[in-house]
Ligand SMILES: [Zn+2]
């Protein structure tokens, strides 16, 4: 989000040069620069000991492609805690081990997504109301069930490549 008006007082912003950042919207009444803002979210590849990944159907996102667990971080929350929270909320699973993989800017939604691999024990899901269905899918079969080129697809493909390197 690029600020035309100050979100604190409503004054129209002016462009001001802020060090190496270049021209940044500035509120002359609050005397502060207003850097572009974006939401940060987490996306998690939830994988069990049989090398299966939990894929979800969320009809409000798509009725055709599966998705991975994802959600927006809360202010003051650690990304690791947000990942564990979302996995518990959406699937009812506790994380055994969590590892950061890489980040994905999602420009269409003005969002930065932090990608994690979460290892869990295989068990039945306890789905939240936001999830219409979930299933365990062999990791190698997962890319074709995800939207090609999407962030979940990129995350899963990267984890598959890493797994292959680990075994080779
Ligand atoms: Zn202001």
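A few comments on the model shown:
- Percent of Cα pairs exceeding the 28 Å cut-off, where the set is the chain: 33 percent
- This ranking places 28, 97, 89 by how few other beta-carbon atoms lie within 10 Å of each, fewest first, which gives 97, 28, 89.
- Distance from region 1-70 to region 90-106 (C-alpha centre basis), Å: 18 Å
- The chain: calculated mean residue ellipticity at 222 nm from DSSP helix runs of at least 4, using -39500 (n - 2.57): -6000 deg cm²/dmol
- Which of 122, 31 has the fewest Cβ neighbours within 10 Å, and the rest in rising order: 31, 122
- Between the Cα long axis of helix 79-91 and the first principal axis of the chain there is an angle of about 50°, rounded to the nearest 10.
- Here the spin labels are modelled as points 7 Å beyond Cα on the Cα-Cβ line, and at residue 162 and residue 50 they lie 2.3 nm apart.
- C-alpha long axis of helix 151-167 to longest principal axis of the chain, angle in °: 50 degrees
Coordinate-derived values only; no laboratory data. Please read all numbers here as calculations on a predicted model, not as lab measurements. Note that each Cβ is placed from the backbone with ideal geometry, even for glycine, and that neighbours are counted across all protein chains shown.
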